[in-house]
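Visitor: Dumping the structure here so I can ask a few things about it.
The values are calculated or read from the model by the stated rules, or taken from the named source; none is laboratory data. Being a predicted model, the structure only gives us computed values, none of them experimental. In this analysis, Cβ positions are derived from the backbone assuming ideal geometry, glycine residues included, and neighbour counts consider all displayed protein chains. Ligands, DNA and RNA are stripped out before the accessible areas are found, and what is left, the full protein with its side chains, is counted by its heavy atoms. Shrake-Rupley method; radii C 1.70, N 1.55, O 1.52, S 1.80 Å.
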Amino acid sequence: MSDNNFILSAVQHLWPEIYIVIAILFASLWNLFCPSHKELTPRVCLVALIAAFIHLWQQFGGQPQLLFGGLFTLDNLTVCFGLIACLVGIIVILMSIGFESKFRSNRGEYYTVLMAAILSVLFLGGTTDLVMLFVSLETLTICCVMLSGFMKQDPKSNEASLKYLLSTAATTATFLYGLSFFYGLTGQTNYMFIHQRFIELGLTPAPSFVLVFAIVLVLSAIGFKLSMVPFHMWTPDVYEGAPTPVTAFLSVGAKLGGFAIAVRLLWFLFADMAFEWTNIIGVLAILSMIIGNIVALSQNSLKRMLAYSSIAHVGYILIGITAFNQFNPQGLAAVIFYLIIYSFMNLGAFTGAILIGNELGTDNINDLSGLIRKRPWLTLGLTVCLLNLAGLPIPPAGFFAKLFVFWAGMSMHSTLGNFLVGTALLTSVPAVYYYSRVAIKMIVREPSYVVNNLPNKRIRQTDPQNNPIWALTISIIGLIIGSIAVNQLMAFSNSSVPYSLAQPITGSLNRPIN
Amino acid sequence: MSDVSPLLQSAYWIVLAPVIAASAIILSYLLGIKINRTVAMGLSVGAVAYGFIHSILIFLVLRDNATPYVTNIDWFVVSNFKLAVGLLVDNLAAVMLIVVTTVSLLVQIYTHGYMREDPGYSRFYAYLSLFTASMLGLVVSTNLFQMYIFWELVGVCSYFLIGFWWYKPSAAYACLKAFVVNRVGDFGFLVGILFLLLATFGFWQAHNDQGILMFMDPSGHGVDLSGAIQWGMQHGTLTTTFLGIGALTLISILIFMGPMAKSAQVPLHVWLPDAMEGPTPISALIHAATMVAAGVYMVARAYPIWLNWTDPLHPTVVGAEGLTVVAWIGGITAFIAATIALTQFDIKRTLAWSTVSQLGYMFVGLGVGAFTGGIFHLFNHAFFKAMLFLCSGVVIHGLHGEQDMRNMGGLRKPMFWTSLCFLIGTLSISGFPGLSGFFSKDEIIVGAWDFKGYGHEILGWLMIFTAGLTAFYMFRMYLMTFCGEYRGQAHPHKDSAWSPLTTPLLVLAVPSILSGYLGCNLDVLKSFSLNPNAFSQFIHFGQHAHVEEPNHMVMLISIAVSLSGMVLAFLVYMTKALPINTWLTNAAICKPFYNLFYNKWCFDYIYEDIFLKKILLPVYTGIWNLIDMLIIDNIVNLNRTLALVAAEVLKHTENGRGQYYAMVIFACVAGITLYVWLYVR
């Protein structure tokens, strides 16, 4: 068997990724050669993402496979993360159209980098090898750094990019340091081999100090990606400075990558040492919920409020991660369900912020008063997303997502679980307040000066708002479908959980060595 | 279940068709495709026309003793808790389906004439379809939770439609008022449902195959509301008392808060007359015939909750506290609303008060155990009240928006067909013998007469007296609007029999006259036999068709009272032989009463000026300022302090912030490692 066959047989399974690569190449070249037809780039990206989505959909439920000798695992979890990533990509691209004029001549590159980031999320979902993990994660990180600095004229954007770069450099260091410990202890890079060696060396379930240190080092990188407290310091500055579509992507897409790493690593490597990391993550989750919600309470900018509240949402999702182990696979299903719904509601809310920013030129919450008189659909859409983020059952998708996660936390039957759910419930109270405050302002109050100055109707044909409106509509439709088909979506999430390490996997773990 | 008719199994299309129509219109609007108005109307009317035909077919199938059809799918499952949504088509649902689709179909045709010049024509049809779908979904709900969801959806559509002309401040205000009042009611409703669920949770867990709070069990094992309540009475979860009120009574009253708001019963009735700010087709469809009747339907559907379960196996109506509350709330509402209707001048608002009063009658019917009578009145009332509202719409449209009856009069000549229909409706609602309203109202009055619960001596008389008031104010309306001399300035349009405005009226006139005969058994009238009539045979609660024993005495009294009400109105407003109203408004004894009625018993004043402005708002702002002072300010201050501290630290270390971030990350890693190593392990 030659090398070529080995790679070709693996590449057959990577069509979704290939579609996206084609779109990346197209986006990077098209604007150079045909600058007069700029508007084609996002369309091609959309088509590629939709094609990838459809292809992934067909892959769902297939036999789990190891590709490239164990670098990449193709199972339902991979496909599931890929599907969510494509969905996020579609919505983010839709909301970027119309906004990207602020990027001046860099419009094409914007889509190139964005698609590369989405691609790396797809790869992160299936990574089962330390090398692959590091490469994909750094691709994602570098893309995110570039994206946050895309408004070159805006010093805030530059500052965000630089801050992100500096702090990500620190976590890359800790991450790589942690990975090197794994390699040093075991001499392997593949998760399964590493796990085997852990058992052979007697490091699991009772890890040595070095291993605990390595786990914390890796967790710090995950925590940074997820903007968990105390690794969240960069979040507000970067989220505020970055262009809003990028903020939307950072708050959902980049976090998706973080969760993919967390699930795979924690599931494959540290499954037997549950006690160590559930405690760390549990405590960090509690901190995230408290600080995220309380700081969001005092924000007056819609974008900053969403940024801080996304920290709190990470806290909620982490309850599911904490609850998740062999005996309680529901935890991961709840996480996936939450991620799907969260993608819709958070992207919808950010789209609302973009639309408002595009038209009003401000995202101060006080300026939004009475917006329903001028932009009823936008207001209702944003309201639905915000109320879902708050966990109010209108429609009940967000409510159910929270309920599943809390239920998973309760079914841990431990003090930590009860404490987590208790904190989540308590901190939901300020969340309900600061989300519904925006909704009430927009609907009940008299129009503010800025809103009064809006034209009564937007001009439909030439309006850059058309595509973001679609992003909002898709989010709302997603929420409604999520509310109606709760049971089906939960079944989908459940079947994405890799129930056992011993499940049959085809493909060899050994790489041919030349 | 092989013999279930496919007509029943496919009944969900009745609900889905309007959803599809509405989505198509909304999507085309979002896509920016300008669809033709006729297409929007065609989609909407077509969907409801399909529903109408399907409903009729379902009715025919069920009349031939087909078994009711129930199906459920899981909606939300967490371990042993299961919420289902499904489709329930039984006789009660079939009657409601017919009412909703018939009225909705005719109102949608009417809308074409009424809203033709409105820029929001297509939007209006989208809302109408959405409303129709939600209402039909409510009708075919299989459990209380599903009903609650559609209950809210119906409410949302109602707010959209009340506020359809949102640029009018009065419409925006009415919309807000409806929203707030309904929140109060729905809060009670939801809390009641949750209490009921808590009290009977063990029962639903033991029978986990279907879902919770089911109205009907298709397998016949009694896994339904009455089974659950029986279980609760036996296991003592429903027999505990709070403050001397039984748990079941408390739950039934809490749940009844929902219907009180939605069906506009005292004291939560204040929103309905204001809701007349919406376009008239809405008033006819939502605020007269269908949505406001949802409360009555819900009580009928979940009837076991209100029954007296002292003997768990044989629940009775007698002495049921929950039902007594229902009956008295209904009775008081009927009376208060009728007295207010006597004094109003706005044609639509007078009709709205009349609706409130008639809804009160329906609750009296359910409350005193005349189950069939209550539903029968709902059925008849839907047709003639929708017709009356549509008539008022024609008048308002023909007078270019004039709603004050003092500026009308003599419209019988230009608007002959409308006046004819209005007369039929007036006679019907007044209980004129032979028209539909007579039969159902009589059944309720007889039921109230035979009532054994608290205050039974008064309730029957109150209902008869209110019937007289009804006849008086309805004829006052008819005479002021259509007879005498024209008093207005605007030139009235003529109506014709074949315009989209008038044809629905004429169609609705047929059931307004005839639908009563469904519930009339001439044998019963002739002899004292208890032969059930067609309607009560079709609709019944429990094993046997229930029918009120005809009481000729009561019937004669109520006819006499109604007729005297009509005659009195004729004398006062037509021949002006009796100057009663000038006497009433001026005489010292009657003036306070007149003012009380004219000011709608001061409910609005009490709620807004006293409760809201004097009590609620100060308390609210007080609490809010306190929270603001204690918590929000501190958070802001804390943030500022933290930022200041950080800035101080940074100033001294003379580092850039990026490095500071890296330092924090490294410190945290070290700290967490130490913490885990020392404490957690």
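Visitor: Work out the length of the dipole vector of chain B about its Cα centre, built from +1 on the beta-carbon of each Lys and Arg and -1 on the beta-carbon of each Asp and Glu, and round it to the nearest 20 debye.
Guide: So the dipole magnitude of chain B works out to roughly 1540 debye.
Visitor: What is the average number of partner chain Cβ atoms found within 10 Å of a Cβ in A:277-290?
Guide: Counting Cβ atoms of other protein chains within 10 Å of each residue's Cβ and averaging gives 1.
Visitor: What translational diffusion coefficient, in µm²/s and rounded to a whole number, does the Stokes-Einstein relation yield for segment B:286-338 at 10 °C and a viscosity of 1.306 mPa s, taking the hydrodynamic radius as the Kirkwood radius over Cα pairs? Provide the component values of the computation, followed by the final result.
Guide: Working: Rh = 12.4 Å.
Once the numbers are plugged in, D ends up at 128 µm²/s.
Visitor: Related question: Using all Cα-Cα distances in segment A:304-403, what percent lands in each 5 angstrom bin from 0 up to the longest?
Guide: Per 5 Å bin, starting at zero, the Cα-Cα P(r) for segment A:304-403 comes out as 3, 13, 21, 21, 16, 11, 7, 4, 3, 1, 0 percent.
Visitor: Find which of B:Ala21, A:Phe198, B:Met115 sits farthest along the positive direction of the dipole of the protein assembly as shown, computed with +1 on the beta-carbon of Lys and Arg, -1 on that of Asp and Glu, about the Cα centre.
Guide: B:Met115
Visitor: One quarter of the convex hull surface, Cα atoms only: what value does that give for segment B:1-91 in nm²?
Guide: If I average the Cα hull's projected area over directions, I get 8.3 nm².
Visitor: In whole Å and largest first, what semi-axes does the C-alpha gyration tensor of segment B:113-154 yield when each eigenvalue is scaled by 5 and square-rooted?
Guide: Equivalent ellipsoid semi-axes, largest first: 28, 8, 5 Å.
Visitor: Got the relative contact order for chain B handy, in percent, Cα pairs under 8 Å and 6 or more residues apart?
Guide: 11
Visitor: If you bin every alpha carbon distance in segment A:1-153 into 5 Å steps from zero, what whole percent lands in each bin?
Guide: The percentages, shortest bin first, are 2, 10, 18, 21, 19, 14, 9, 6, 2, 0, 0.
Visitor: At 25 °C and 0.890 mPa s, grab the translational diffusion coefficient of segment B:1-45 from Stokes-Einstein with a Kirkwood Rh over Cα pairs, rounded to a whole number in µm² per second.
Guide: 201
Visitor: Run the numbers on segment A:295-333: which residues show a drop of 40 Å² or more in accessible area, chain on its own versus all protein chains together, using a 1.4 Å probe over heavy atoms?
Guide: A:Leu297, A:Ser298
Visitor: Taking the highest mean first, how do the peptides B:433-439, B:334-340, B:509-515 order by number of other beta carbon atoms within 10 angstrom per residue?
Guide: B:334-340, B:433-439, B:509-515
Visitor: What nm value, rounded to one decimal, do you get for the distance between B:Met553 and B:Arg487 when each label is placed 7 Å out toward the C-beta?
Guide: Taking the simple label geometry, B:Met553 and B:Arg487 are separated by 4.2 nm.
Visitor: Measuring from centroid to centroid over Cα atoms, what is the spacing of segment A:1-76 and segment A:113-176 in Å?
Guide: 20
Visitor: Which whole-number percentage describes the relative contact order of chain A, with Cα contacts under 8 Å and a sequence gap of 6 or more?
Guide: 17
Visitor: Continuing with the same structure: Enter the accessible area per residue of chain B (Å², integer; probe 1.4 Å; all protein chains in place).
Guide: Roughly 40 Å² per residue, with all protein chains present.
Visitor: Rg(Cα) of chain A divided by 2.2 N^0.38 Å?
Guide: My calculation over the Cα atoms of chain A gives 0.94.
Visitor: Counting each DSSP H run of 4 or more residues in chain B as -39500 (n - 2.57), what helix-only mean residue ellipticity at 222 nm follows after dividing by all residues, to the nearest 500 deg cm²/dmol?
Guide: Result for chain B, helices only: -21000 deg cm²/dmol.
Visitor: Tell me the label-point distance for the pair B:Val39, A:Asn5, using the 7 Å Cα-to-Cβ offset, in nm and rounded to one decimal.
Guide: 5.7
Visitor: Assigning unit charges at the beta carbon (Lys, Arg +1; Asp, Glu -1) and nothing else, what dipole magnitude in debye, to the nearest 20, does the protein assembly as shown show about its Cα centre?
Guide: On the way: 57 positive and 54 negative charges, 508 e Å.
With only Lys, Arg, Asp and Glu charged at Cβ, the dipole is about 2440 debye.
Visitor: On to the next question. Quick check for you: which residues of segment B:186-206 have the amide N under 12 Å from the point 7 Å beyond the Cα of B:Gln234 toward its beta carbon?
Guide: B:203
Visitor: Excluding B:Ala93 itself, calculate the net charge of residues whose Cβ lies under 14 Å from the Cβ of B:Ala93, where each Lys or Arg counts +1 and each Asp or Glu counts -1.
Guide: +1
Visitor: Moving on to the next point. Using only Cα atoms, locate the centre of segment A:205-270 and the centre of segment B:136-173, then give the distance between them in Å, rounded to an integer.
Guide: Answer, in whole Å: 44.
Visitor: I've got another one for you. According to a simple spin-label model (label point 7 Å from Cα along Cα-to-Cβ), what is the distance in nm between A:Ile54 and B:Val619?
Guide: 6.0
Visitor: Shape verdict for segment B:122-254, please, from the Cα gyration tensor: rounded (a/c under 1.5), prolate (a/b greater than b/c) or oblate. Don't skip to the end; give the middle numbers.
Guide: On the way: a/c = 4.65, a/b = 1.81, b/c = 2.57.
Here segment B:122-254 falls in the oblate category.
Visitor: Mind listing P(r) for the protein assembly as shown? All alpha-carbon pairs, 10 Å bins, whole percents.
Guide: For the protein assembly as shown, the binned pair fractions read 2, 9, 17, 20, 18, 14, 10, 6, 3, 1, 0, 0 percent.
Visitor: If you take the charge dipole of segment A:366-457 about its Cα centre, with +1 on Lys and Arg Cβ and -1 on Asp and Glu Cβ, which of A:Tyr449, A:Phe419, A:Thr383 is farthest toward its positive end?
Guide: Of the listed residues, the answer is A:Tyr449.
Visitor: With the alpha-carbon atoms as the only input, what is the per residue convex hull volume for segment A:382-484 in Å³? Working shown, then result.
Guide: On the way: hull volume 12.5 nm³, N = 103.
Once divided by residue count, the hull of segment A:382-484 is 121 Å³.
Visitor: While we're on this one: For segment B:186-283, just say rounded, prolate or oblate: build the C-alpha gyration tensor, square-root its eigenvalues into a ≥ b ≥ c, call rounded for a/c under 1.5, and beyond that prolate if a/b exceeds b/c, oblate if not.
Guide: Values: a/c = 3.63, a/b = 1.75, b/c = 2.08.
Oblate shape, in that a/c is at least 1.5 and b/c is the bigger or equal ratio.
Visitor: Continuing with this model, one more query. How long are the three semi-axes of the equivalent ellipsoid for segment A:358-411, computed from the Cα gyration tensor as the root of 5 times each eigenvalue, in whole Å, largest first?
Guide: Numbers: eigenvalues 189, 27, 11 Å².
The answer is 31, 12, 7 Å, longest axis first.
Visitor: Shifting gears a bit: Can you give the convex hull volume per residue for the Cα atoms of segment B:258-399, as a whole number of Å³?
Guide: Measuring per residue, one finds 87 Å³ for the Cα hull of segment B:258-399.
Visitor: Would you tell me the mean number of C-beta atoms belonging to other protein chains that fall within 10 Å of each C-beta in B:672-679, as a whole number?
Guide: Across B:672-679, the average partner-chain Cβ count within 10 Å equals 6.
Visitor: Using only alpha carbon positions, build the gyration tensor of chain B, then give the equivalent ellipsoid semi-axes as the square roots of 5 times its eigenvalues, largest first, whole angstrom.
Guide: In descending order the semi-axes read 47, 33, 28 Å.
Visitor: While we're on this one: Where in chain A are the helices, taken as whole DSSP H runs, whose Cα atoms extend 24 angstrom or more along the long axis and whose Kyte-Doolittle mean reaches at least -1.0?
Guide: Details: long enough: A:15-33 (27 Å, 1.59); A:40-59 (28 Å, 1.27); A:76-96 (29 Å, 2.45); A:107-126 (30 Å, 1.16); A:130-148 (27 Å, 2.17); A:155-186 (46 Å, 0.33); A:209-226 (25 Å, 2.66); A:274-297 (34 Å, 1.80); A:302-323 (32 Å, 1.07); A:330-360 (44 Å, 1.40); A:415-443 (42 Å, 1.01); A:466-484 (27 Å, 1.49).
Span-like helices here: A:15-33, A:40-59, A:76-96, A:107-126, A:130-148, A:155-186, A:209-226, A:274-297, A:302-323, A:330-360, A:415-443, A:466-484.
Visitor: Full-extension gain between A:Gln63 and A:Tyr449, please, as 0.36 nm times their residue separation minus the C-alpha to C-alpha distance.
Guide: Values: separation 386, 0.36 × 386 = 138.96 nm, distance 5.94 nm.
Computed gain between A:Gln63 and A:Tyr449 is 133.0 nm.
Visitor: What does the helix-only formula give at 222 nm for chain A: each DSSP H stretch with n ≥ 4 adding -39500 (n - 2.57), the total divided by the residues, and the result rounded to the nearest 500 deg cm²/dmol? Kindly include the intermediate steps, with their values, before the conclusion.
Guide: Numbers: 21 runs with 366 residues, N = 514.
Here the helix-only value at 222 nm equals -24000 deg cm²/dmol.
Visitor: At each listed q (0.18 Å⁻¹), what is the log10 of I(q)/I(0) that the Debye formula gives for segment A:152-195 modelled as equal alpha-carbon point scatterers?
Guide: Each listed q maps to, in turn, -0.61.
Visitor: Can you give the Rg to Rh ratio for segment A:181-299, taking only C-alpha atoms and Rh from Kirkwood?
Guide: 1.05
Visitor: Mind computing the radius of gyration and Dmax over the alpha-carbon atoms of segment B:228-332? Å is fine for both.
Guide: Reported Rg and Dmax, both Å: 16.2, 51.
Visitor: Can you give the accessible area buried between chains A and B, summed over both chains, with a 1.4 Å probe, in Å² to the nearest 100?
Guide: Summing both chains' loss of accessible area gives about 3800 Å².
Visitor: Which one, B:Val356, B:His235, B:Ile332, projects farthest toward the positive side of the charge dipole computed for segment B:232-387 from Cβ point charges (K/R +1, D/E -1)?
Guide: Highest projection toward the positive end goes to B:Val356.
Visitor: Let me ask another. Please compute the net charge surrounding B:His397, taking Lys and Arg as +1 and Asp and Glu as -1 over other residues with Cβ under 11 Å from its Cβ. Please list the in-between numbers first.
Guide: Details: positive: B:Arg116; negative: B:Glu117, B:Glu402, B:Asp495.
Charge balance near B:His397 sits at -2.
Visitor: Then there's this: Carbon-plus-sulfur fraction of the accessible area of chain A, 1.4 Å probe, in percent?
Guide: 67
Visitor: How much accessible area per residue does segment A:1-154 have, in Å², with a 1.4 Å probe?
Guide: Value for segment A:1-154: 38 Å² per residue.
Visitor: Let's see if you can work this out: charge +1 on each Lys and Arg Cβ, -1 on each Asp and Glu Cβ, no other charges. What is the dipole magnitude of segment B:1-160 about its Cα centre, in debye to the nearest 20?
Guide: 380
Visitor: Can you pull the percent of segment B:169-325's accessible area that's carbon plus sulfur, 1.4 Å probe, other chains left in place?
Guide: On the way: 3510 of 5050 Å².
With neighbouring chains kept in place, the figure for segment B:169-325 is 70 percent.
Visitor: Averaged across the residues of A:394-401, what count of C-beta atoms belonging to other chains lies within 10 Å of each residue's C-beta?
Guide: Working: counts 2, 3, 4, 0, 0, 1, 4, 0.
Across A:394-401, the average partner-chain Cβ count within 10 Å equals 2.
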